[in-house]
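The values are calculated or read from the model by the stated rules, or taken from the named source; none is laboratory data. Source: prediction; values computed, not measured. Every residue, glycine among them, receives a Cβ derived from its backbone with ideal geometry; neighbour counts consider all protein chains shown. Heavy atoms of the whole protein, side chains included, go into the accessibility calculation; ligands, DNA and RNA do not. Shrake-Rupley method; radii C 1.70, N 1.55, O 1.52, S 1.80 Å.
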Amino acid sequence: MSRLIVVSNRVAPIKPGKVAAGGLAVGVYDALRQSGGIWFGWSGEVSSTPQTNTETVGEITYVTMGLTRQDYDQYYRGFSNATLWPIFHYRIDLARYNRQEYDGYRRVNGMLAAQLKPLLKPDDIIWVHDYHLIPFAEECRRLGIRNRIGFFLHIPFPPPEILTVIPPHNDLLKTLCFYDLIGFQTETDRLAFQDYMTREVRGILEKDGSLTAYGQNFRAGVYPIGVVPDEIQELAESSQRRRRPMRRITDVERKKIISVDRLDYSKGLVERFKAYEALFDRFPEHRRGVEFIQIAPTSRSDVKTYQHIRQQLESEAGHINGRLSDLDWTPLHYLNKSHDRRVLTGLFRDADIGFVTPLRDGMNLVAKEYVASQDPDDPGVLVLSRFAGAAHELTSALIVNPYDCIGMAEALDRALRMPLAERRDRYEHMMSIIRSADLDAWRDTFLRDLRAFSSRPKAQVQASPLFSV
Ligand SMILES: O=P(O)(O)OC[C@H]1O[C@H](O[C@H]2O[C@H](CO)[C@@H](O)[C@H](O)[C@H]2O)[C@H](O)[C@@H](O)[C@@H]1O
Ligand SMILES: O=c1ccn([C@@H]2O[C@H](COP(=O)(O)OP(=O)(O)O)[C@@H](O)[C@H]2O)c(=O)[nH]1
């Protein structure tokens, strides 16, 4: 059996006890720990003399490297998170473009490919993850690497009208064609990509479903990332039995609403806080009867737009508690610390409502984890944004539009009153989907398709100077 080499910018923390507050690291770790293999990526260190480090823990060998300050600023903080992230999340209003950052992004991809090359055996399968590494395969081909290479995009793929806001969109998207297989979270994302390839660059949709563009033949498919439901259920049960984590935050038997998100503007936190406040204005009977726990670990805090959202949330949280709190009632608990999964699953199980309302999200694993944590005899209700990838599968959630404040308040009211029989029906339907499209299915179907697809030989890429359009 060929070895699996996973390449991603973010690698799960190697040291035991450290929390990975991001779906890619959580999902890839769960997938790799069963199949074993090499996980190659950034160590999270920024220094003037970046080190490469190799460490094997269980079945996984981690090969990680540091970045220089300039690489970090241009590749991670700049083009990846100040250009690609907002635009791929449909937020052209928050995006900026800087040509040097794009060149830095291309340079770091080239450097990473060169560092991977000596580790490779001819039959290794390479699985590259996410928007930081779109040009990675082209850089590999440039170096003569002929291995099969697949790419999975964890975030949404925007429609061409939005994508083309990125000045070097042609140059960037051309590099994607050097993968053998490109995976998306939802059919909407795959169609947007196909649309770009066929309309914008006159690529051809072949009879066998593959695409040909820029002289390359490749495939694109839908592979929604999942969770490990049995493990989550077990964690939630044992955490609830032993410690009842919710009791440590709130004593009184009030109804509980929980949300867990990285502190990111794509997660719709401000809109969510406003909807929670609207619940009490529209349905005053819930006053003093409900508490909302928002866990929001800070993320990418050196990117300006993230500093702004943090300030906005602090002000919104202060406003809600200042306006509504009583001596014996704090309506909103807003925590910026990250929490271990054991604690989170216990909190999910204790909560009557999982409130997951991103403005745009690739998948949102928290939505699936909330459902998988529930007590089957007395499950809570998932209130879910239609703009999360998870809404394509979890159609029995209460689906809301996060731009509709009153609509979200009404959904909360409905969830708070929902009879047990309806909660169970919805839960069972969602669990059957979570079980059939679990994390093993995500990994196995992607790798099966990557192994099966025999594309025409990739044209050798000529070494040429980097350029940006
Ligand atoms: O690595 P960071 O910059 O600290 O950010 C954390 C991760 O955020 C994003 O996660 C995405 O992947 C999830 C799993 O597929 C998905 O459910 C979620 O909707 C996405 O937003 C990002 O895509 C990762 O690269 C980051 O590591
Ligand atoms: O304090 C925290 C916050 C989040 N998470 C985990 O981080 C992942 C977040 O993934 P999601 O797909 O919801 O969003 P992302 O952050 O990747 O955009 C989930 O597995 C969460 O359980 C965690 O372990 N601790």
Members of region 27-60 found to be open to solvent by 40 Å² or more (accessible area, probe 1.4 Å) and either within 22 Å of Val227 (Cα to Cα) or of a type in the set (Asp, Glu) (or both), listed by number:
Tyr29, Arg33, Gln34, Ser35, Glu45, Glu55, Val57, Gly58, Glu59
Given region 385-469, what helices (runs of 4 or more DSSP H) lie entirely inside it while holding 1 or more residues that are surrounded by fewer than 18 Cβ atoms within 10 Å (Cβ to Cβ), modelled with pLDDT under 95 and among the aliphatic types (A, V, I, L, M)?
439-452
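Out of Gly221, Gly203, Gly215, I need the residue that is in contact (Cβ under 8 Å) with a residue 60 or more places away in the chain, among the small types (Gly, Ala, Ser) and open to solvent by less than 30 Å² (accessible area, probe 1.4 Å). Which one? Spell out the reasoning first.
Details: Gly203 fails: in contact (Cβ under 8 Å) with a residue 60 or more places away in the chain; Gly215 fails: open to solvent by less than 30 Å² (accessible area, probe 1.4 Å).
One residue alone meets the criteria, Gly221.
Matching residues to (1) more than 30 Å from Ile162 (Cβ to Cβ); (2) within 15 Å of ligand 1 (Cβ to nearest atom); (3) free of Cβ contacts under 8 Å to residues at least 40 places away in the same chain:
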| site | (1), (2), (3) |
| --- | --- |
| Arg3 | yes, no, no |
| Gln34 | yes, no, no |
| Asn53 | yes, no, yes |
| Thr68 | yes, no, yes |
| Tyr72 | no, yes, yes |
| Gly78 | no, yes, yes |
| Trp85 | no, yes, no |
| Arg91 | no, yes, no |
So, Val381, is that one away from ligand 1 (no atom under 13 Å from the Cβ), open to solvent by less than 10 Å² (accessible area, probe 1.4 Å), hydrophobic (A, V, I, L, M, F, W, C) and assigned by TED's automatic domain parsing to the domain that holds Val260 or not?
yes
Scanning region 85-108 residue by residue, those away from ligand 2 (no atom under 16 Å from the Cβ) and not in a helix (DSSP H, G or I) turn out to be Ala95, Arg96, Tyr97, Asn98
Hits in region 61-95 (condition: surrounded by fewer than 20 Cβ atoms within 10 Å (Cβ to Cβ) and of a type in the set (Val, Ile, Thr)):
Thr61, Thr64, Thr68, Ile92
Give region 5-16 a look and list any residue that's touching a residue at least 12 places away in the same chain (Cβ under 8 Å), more than 13 Å from ligand 1 (Cβ to nearest atom) and open to solvent by 20 Å² or more (accessible area, probe 1.4 Å), or say none.
Ile14
Is region 267-274 home to any residue that is at pLDDT 95 or above, open to solvent by 40 Å² or more (accessible area, probe 1.4 Å), assigned to a loop (DSSP other than H, G, I, E, B) and in contact with a helix residue (DSSP H, G or I) (Cβ under 7 Å, 6 or more places away or on another chain)?
no
Flag for Arg106 being closer than 24 Å to Lys174 by Cβ and either loosely packed, with under 14 Cβ neighbours inside 10 Å or free of Cβ contacts under 8 Å to residues at least 12 places away in the same chain (or both)
no
Tally time: how many residues in region 275-291 are assigned to a helix (DSSP H, G or I) and surrounded by fewer than 17 Cβ atoms within 10 Å (Cβ to Cβ)?
4
Looking only at region 1-28, which residues are in a loop (DSSP other than H, G, I, E, B) and under 19 Å from Arg262 (Cα atoms)?
Val11, Ala12, Pro13, Gly17, Lys18, Val19, Ala20, Ala21, Gly22
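From the list Asp413, Asp375, Asp404, which residue is among the acidic types (Asp, Glu), assigned by TED's automatic domain parsing to the domain that holds Asp261 and either within 16 Å of ligand 2 (Cβ to nearest atom) or under 22 Å from Asp230 (Cβ atoms) (or both)? Reasoning before the result, please.
Values: Asp413 fails: either within 16 Å of ligand 2 (Cβ to nearest atom) or under 22 Å from Asp230 (Cβ atoms) (or both); Asp404 fails: either within 16 Å of ligand 2 (Cβ to nearest atom) or under 22 Å from Asp230 (Cβ atoms) (or both).
Exactly one of Asp413, Asp375, Asp404 is among the acidic types (Asp, Glu), assigned by TED's automatic domain parsing to the domain that holds Asp261 and either within 16 Å of ligand 2 (Cβ to nearest atom) or under 22 Å from Asp230 (Cβ atoms) (or both), namely Asp375.
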Across region 1-25, what is the total count of residues that are at pLDDT below 85 and of a type in the set (Val, Ile, Thr)?
2
Only residues that are within 15 Å of ligand 1 (Cβ to nearest atom) and either hydrophobic (A, V, I, L, M, F, W, C) or touching a His at 6+ places or on another chain (Cβ under 7 Å) (or both): list them for region 345-359, please.
Val356, Leu359
Which condition number does Ser432 fail, the rest of (1) within 16 Å of ligand 1 (Cβ to nearest atom); (2) on the phi < 0 side of the Ramachandran plot being met?
(1)
Taking region 146-183 as the region of interest, how many residues are touching a residue at least 40 places away in the same chain (Cβ under 8 Å) and hydroxyl-bearing (Ser, Thr, Tyr)?
2
Sole exception among (1) in the same structural domain as His308 (by TED's automatic domain parsing); (2) farther than 26 Å from Arg106 by Cβ for Glu187, by number
(1)
